[in-house]
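Working notes for the structure below.
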Amino acid sequence: MSTLAPARLRPRDVVRVGAVGLRTRPTRALLSALGIAIGIAAMIAVVGISASSRADLDRELAALGTNLLTVTPGKSIFGEDANLPLAAESMIERIGPVRSTSAVGAVGGASVYRTDRIPQAQTNGLATYAARIDLLDTVSAAVRSGVWLNEATAGYPAVVLGDAAARRLGIGHAGPDVSIVVGGEEFVVVGILAPVALAENLDSAAIMGWPVAQRLFGFDGHATTVYTRSDESQVEAVRAVLGPTANPEAPNEVDVSRPSDALTAQRAAGAAFTGLLLGLGAVALLVGGVGVANTMVISVLERRGEIGLRRSLGATRGQIRTQFLAESLLLSALGGIGGVLLGVVVTTGYAYYQGWPTTVPGWATAGGLAATVVIGGIAGLYPAIRAARLSPTEALATP
């Protein structure tokens, strides 16, 4: 005598049966999925914004170049401020892989004021530099108003302001009718620089020619920063010999740095905040999972009659368990898909606002969807097991 076997649910039937609870209680399902969506969106947005920021940094460094090295005087063995030799620039130029060299020198006693009526104490924190004519190309700087110094203007009281210096002095454009006072002398503002990413000290400076600084202010000619551009493949080798070359008698009194490393570190400083925000996103995702579990438990309690009827018509415990587990997975998947879309929209909007390229790593979206499956499985496991344990008589007897 053959025994009757319960019909097997095909995958399509599992999805259809699992969606019954979502269709009959759409508001509750939407609110539960929203918890999952917020967590996934937070994680996608954090990863996407961080990746977009890194992509912008890579683009910026590609434009500026990572082969810029700076040489500055350090401290002597007695703790005093050291000086670079007058021949430091010419000696550095002899290094084979070095392609260009330029320098600036701090001009002491030459405070910068908008007019001669400004109190001496109100210097706005501006520095005064003498600069070589080829500085602009070496540091990848650009003039946003006016012109840069040339062989003619370098010997006259003409000055180029950094971006921050111009803003602090209230100067919006350069021209022959715009002047400032430097060290008690009137200088014409011939140019204003755009922000210089790899030489931020120039942003808050008034820059004049080397000859006029020597003539008017007794500038001693010692460079305080020497900028060099080298072959990309030889940067580290050049870096190793810059100190001994710039000051052979006291190489320990020379500091060599790579500005692009500082720029990278500045952006990387946000990694701790990224980790914190990812943690908050994980907490939001956990809260969303608890919401899904709560929804499924209530669903089991409210649908005891349905469970009893299905059991009495031949549904097995496994089929009941599969039904509620599928419902939980569908609910979480709904939140996961919505969260991924919301996270991509937030990332795109923020990147557009910042002028960054939009970058959302594929692993982030795949990981977000995988997280929803895990959350859905865990959240629906207990309610599914509880529903499967109900006997037909117990379930039908519940009012």
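None of the figures in this text is laboratory data; all of them are computed from the coordinates on show. Computed from a predicted structure; not experimentally measured. Quick reminder, even Gly has a Cβ in these numbers, built from the backbone with ideal geometry, and neighbours come from all protein chains shown.
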I'd like the antiparallel share, as a percent to the nearest 5, of DSSP beta bridges with both residues in the chain. 75 percent
Work from the charge dipole of the chain (Cβ charges, +1 for Lys and Arg, -1 for Asp and Glu, about the Cα centre) and give the residue of A246, L86, T138 farthest towards its positive end. T138
When a/c is below 1.5 the answer is rounded, else prolate if a/b is larger than b/c, else oblate, so apply that to region 194-265 with a ≥ b ≥ c taken from the square roots of the Cα gyration tensor eigenvalues. oblate
Using 0.36 nm times the number of residues separating T115 and D58, minus their current alpha carbon distance, what extension gain do you get? 16.4 nm
Tell me which of L57, I298, A388 sits at the most positive position along the dipole axis of the chain, charges placed on C-beta atoms (Lys, Arg +1; Asp, Glu -1). A388
Length gain on complete extension for the stretch T316 to K75, per 0.36 nm per residue less the alpha carbon to alpha carbon distance? 78.5 nm
From DSSP H assignment alone, runs of 4+ in the chain each adding -39500 (n - 2.57), the sum over residues rounded to the nearest 500 puts [θ] at 222 nm at -17500 deg cm²/dmol
Explain nothing, just the number: dipole magnitude of region 85-229 about its Cα centre with +1 on each Lys and Arg Cβ and -1 on each Asp and Glu Cβ, in debye rounded to the nearest 20. 180 debye
Which helices, counted as full DSSP H runs in the chain, have an axial Cα extent of no less than 27 Å and a Kyte-Doolittle average of 1.6 or above? 271-302
Can you tell me the FRET efficiency between Q234 and V374 if r is taken as the Cβ-Cβ distance and R0 is 35 Å, rounded to the nearest 0.05? 0.10
Evaluate E = 1/(1 + (r/R0)^6) for A152 and V345, where r is the Cβ-Cβ distance and R0 equals 51 Å; express this FRET efficiency to the nearest 0.05. 0.40
Between [x] 159; [y] 229; [z] 144, which matches volume of the Cα convex hull per residue in Å³ calculated for the structure shown? [y]
Distance in nm between R215 and I298 label points, each 7 Å along Cα→Cβ, equals 8.5 nm
Stretchable slack from N124 to D137, in nm (0.36 nm times residue separation minus alpha-carbon distance): 1.9 nm
Could you work out how far apart the two model spin labels at A333 and D261 are, taking each label as a point 7 Å from the Cα in the direction of the beta carbon, and quote it in nm? 5.1 nm
Quick one: which of 103-115, 229-241 comes out on top by average Cβ neighbours within 10 Å, and what's the full order, highest first? 103-115, 229-241
Net charge near A166, counting Lys/Arg +1 and Asp/Glu -1 over other residues with Cβ under 12 Å of its Cβ? +2
Select from T115, V360, A326 the residue farthest towards the positive end of the dipole of the chain; place +1 on Cβ of Lys and Arg, -1 on Cβ of Asp and Glu, and compute about the Cα centre. A326
Please give the FRET efficiency for Y353 paired with R144, using the beta carbon to beta carbon distance and R0 = 22 Å, rounded to the nearest 0.05. 0.50
DSSP-defined beta bridges in region 70-268 - what % are antiparallel, rounded to 5: 75 percent
Which whole-number percent is the relative contact order of the chain (Cα, under 8 Å, 6+ apart)? 30 percent
